[in-house]
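In what follows, a single structure is set out as structure tokens and then discussed.
The values are calculated or read from the model by the stated rules, or taken from the named source; none is laboratory data. Note that this is a predicted model, so its numbers are computed, not measured. Neighbour counts are summed over all protein chains in view; Cβ atoms, including those assigned to glycine, are modelled from backbone coordinates with ideal geometry. For accessibility, only protein heavy atoms count, side chains too; no ligands or nucleic acids. Shrake-Rupley method; radii C 1.70, N 1.55, O 1.52, S 1.80 Å.
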Amino acid sequence: MLKLVPWKSIPISVTLNHHSSFSTTTFASSSSSSSSDANAIIHILTASNNFEVATSLTKQHLQNSRKPRTASISLFHALNRANLTPRAFGALILALCQLTLVDEALWVYKSLASLPPLQSCNALLHELVKAHRFDSVWEVYWDMVSRGFSPTVITYGILMNCCCYQGDFSNARKVFVEMIEKGIKPTVVVYTILIRVFCNEGQMDEAEGVFKVMRESGVVTPNLYTYQTLMDGYCKMGDVKRVFDLYYDMLNRSLHPDVVTFATLIDILCKVGDLKAARNCFAYMAKFGVVANAYAYNSLIDGCCKVGNLPEAMHLQVEMERRGIFPDVFTYNILIKGLCDLGRMEEAKDLMEKIGKVGILANSVTYNVVIDGYCKRGDMEKAIEVCSQMTERKIEPNVITFSTLIDGFCKKGNIKAAMGLYTEMVIKGLVPDVVTYTALIDGHFKVGNTKEAFGLHNEMLDAGLTSNVFTVSCLIDGLLKDGRTYDAIKLFLEKTGAGCPGGKLDSSSFCSPNSVMYAILIQGLCKGGQIFKATKFFADMRGNGFKPDVLVYVIMLQAHFRYKHMLDVMMLHADILKMGVIQNTSINWLLSRGYREKGYLKSAHLCSEHLMEQGIQFPESGG
């Protein structure tokens, strides 16, 4: 029988197994409480396998002391003098972890000659992950293994979570494989973490595969968090149908949606521009007894801002305050970004200054959003001013801050300032990422520094970074402007995998092309007079499901008219009609003039009629 009342100077009656008893011991909270009393209780309870109770008593002792950190050190030394078993120290580590005193728990662990119990080891690793002390996680884990620690499914779940927080999804998969190879069966938590890994990498087929294994196993059943993780993955992909399919499947399996579920539904509806449905979904929460909070409102406000409906976003902020839900820093960051996206920079800066007056501290995201807004407007002086304010308020500029400023200066053609910032960030110990390098590469190409651009690309690769679609696009553009058409095509084929025979390629070494990459290549080839190659890549672009923009159609039409490829012009014209681009004035003007010059008067007249419908009169004579 055990009776615990966690309060000051109240007797705690404990009856133990194995015919041992320890009763009516006063575990007082005053400074006169002796460590020997604590030692006795912990020793007796750990010796009799009452580890949970030992931890509770230790935690209570630390909480009741005025200085828990000092008390933990004193208690450690008292336990050490008493030469107690590792279980007693394990109770201390576990208690410290439960009190989030992770530094003290780590100190106790490192001071032990013997390995504490498994539960304490897992608790320490878990708290280190929560504290984002990722290097310490791996250091402590390998030390545990070297001392005979056998990881369990809980340990592997903690390690996979650590990999996810680090963004190291490849290592998360390796941890999972190691667990399976050791014959340890995954739990719903581990399976869900693995699904999150695949979702974060955009590998939805693999995520679905894991989900299917769970459902068909009959042993591990997907829970609410599993469904939410998969729904979030499809939300990021913009697959509204699959998100709602999972939602209805979840309901059919009697899983009750919570505010996170509805926030995901609201987010995907906003992504596809259906604000009315998002609003209805928001209202529908009440039918499930789900109370809207700041997280749900933020999803709806973000959706409004992304479609440029800032008045509705501001109205929602007022509504949430009226309902007693206070906006947080995420709410204000969304609104500030909404203002920046509309070019309303002074209002964005004023709102950033205002939030401090209502007790909310602006964070690095807040400042980075405003800096990015000024950079996009080309106002580098204001951007640097905001960065200085950021530093004055003890918020250190991060990689995103520097990358944003570097990109801004590169777009202004000020490579000297961009390289100065690059040097400064390296001196500060910040590691440039692929965004930083891509901005510098593009900047150097734009001012004709081809050699420096490729030097930076090599430096990026040497640092272990992989080129993304934007990096490759910059390199292709730079090569084409340098007249190196063959090298540009070769790079495109190598980096996209299009040139690999039989489709045998390493998925980690290539990136999927996008419409911008195709547009750059087509424009460069047309300007270089290589119209047949441009036509081939245009066909590939269309075949891969990309919709050419007006500029691509104009460039292709101009080239075909120049070389009198009238059949190709007509095929392009048909494609334009199919894609619904024909109402564009510049395309109609080009087609009308081109047909007229080449003697295709009927086609020219039809295009002129389209122009007249738009209120534009095409001259009947002249070119």
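Take Pro186 and decide whether it is in contact with a Phe, Trp or Tyr (Cβ under 8 Å, 6 or more places away or on another chain), more than 30 Å from Ser217 (Cβ to Cβ) and modelled with pLDDT of 90 or more. Considered against the rule, which asks whether it is in contact with a Phe, Trp or Tyr (Cβ under 8 Å, 6 or more places away or on another chain), more than 30 Å from Ser217 (Cβ to Cβ) and modelled with pLDDT of 90 or more, Pro186 comes out as no.
Within the range 201-259, the set of residues being of a type in the set (Ser, Thr, Tyr) and outside any helix (DSSP H, G or I) comprises Thr221, Ser254.
The set of residues from the range 338-369 being among the basic types (Lys, Arg) and either in contact (Cβ under 8 Å) with a residue 40 or more places away in the chain or part of a loop (DSSP other than H, G, I, E, B) (or both) comprises just one member, Arg344. Taken over the range 182-202, the residue count meeting the criterion of being closer than 14 Å to Phe169 by Cα and open to solvent by 60 Å² or more (accessible area, probe 1.4 Å) is 2. Of the residues in the range 429-448, at least one is among the hydroxyl-bearing types (Ser, Thr, Tyr), more than 26 Å from Phe330 (Cα to Cα) and either surrounded by fewer than 15 Cβ atoms within 10 Å (Cβ to Cβ) or without any contact (Cβ under 8 Å) to a residue 40 or more places away in the chain (or both).
Against the criterion of being assigned to a helix (DSSP H, G or I), within 19 Å of Phe51 (Cβ to Cβ) and open to solvent by 50 Å² or more (accessible area, probe 1.4 Å), His126 qualifies. Got at least one residue in the range 397-414 being out of contact with any strand residue (DSSP E or B) (no Cβ under 6 Å at 6 or more places or on another chain), open to solvent by 20 Å² or more (accessible area, probe 1.4 Å), farther than 23 Å from Thr438 by Cα and free of Cβ contacts under 8 Å to residues at least 40 places away in the same chain? Checking the range 397-414: not a single residue is out of contact with any strand residue (DSSP E or B) (no Cβ under 6 Å at 6 or more places or on another chain), open to solvent by 20 Å² or more (accessible area, probe 1.4 Å), farther than 23 Å from Thr438 by Cα and free of Cβ contacts under 8 Å to residues at least 40 places away in the same chain.
On the basis of being more than 21 Å from Leu440 (Cβ to Cβ), within 25 Å of the chain's Cα centre (by Cα) and at pLDDT below 95, does Leu335 make the cut? Taking the combined requirement at face value, the residue does not satisfy it. Scanning the range 207-227 for residues that are under 19 Å from the mean Cα position of the chain (by Cα) and open to solvent by 20 Å² or more (accessible area, probe 1.4 Å) turns up just one, Tyr225.
Residues in the range 539-584 that are among the polar types (S, T, N, Q) and not in a helix (DSSP H, G or I): Asn544, Gln583, Asn584.
Filtering the range 125-148 to residues that are farther than 15 Å from Glu178 by Cα and over 26 Å from the mean Cα position of the chain (by Cα) leaves Val140, Asp143, Met144, Ser146, Arg147, Gly148. Exactly one residue among Lys241, Lys236 is under 21 Å from Asn200 (Cα atoms), among the charged types (D, E, K, R), surrounded by fewer than 19 Cβ atoms within 10 Å (Cβ to Cβ) and touching a residue at least 12 places away in the same chain (Cβ under 8 Å), and that residue is Lys236. When the residues of the range 344-368 are filtered to those that are under 25 Å from the mean Cα position of the chain (by Cα) and of a type in the set (Gly, Ala, Ser), the one that is least open to solvent (accessible area, probe 1.4 Å) is Ala348.
From Cys375, Cys305, which residue is within 25 Å of Leu265 (Cα to Cα) and not aliphatic (A, V, I, L, M)? Selected residue: Cys305, the only one of Cys375, Cys305 that is within 25 Å of Leu265 (Cα to Cα) and not aliphatic (A, V, I, L, M). Within the range 65-101, being modelled with pLDDT of 85 or more, surrounded by fewer than 19 Cβ atoms within 10 Å (Cβ to Cβ) and not in a loop (DSSP other than H, G, I, E, B) holds for one residue alone: Gln98.
If I filter the range 542-584 down to residues being closer than 16 Å to Gln523 by Cα and in contact with a Lys or Arg (Cβ under 9 Å, 6 or more places away or on another chain), which single residue comes out as modelled with the lowest pLDDT? It comes out as Pro548.
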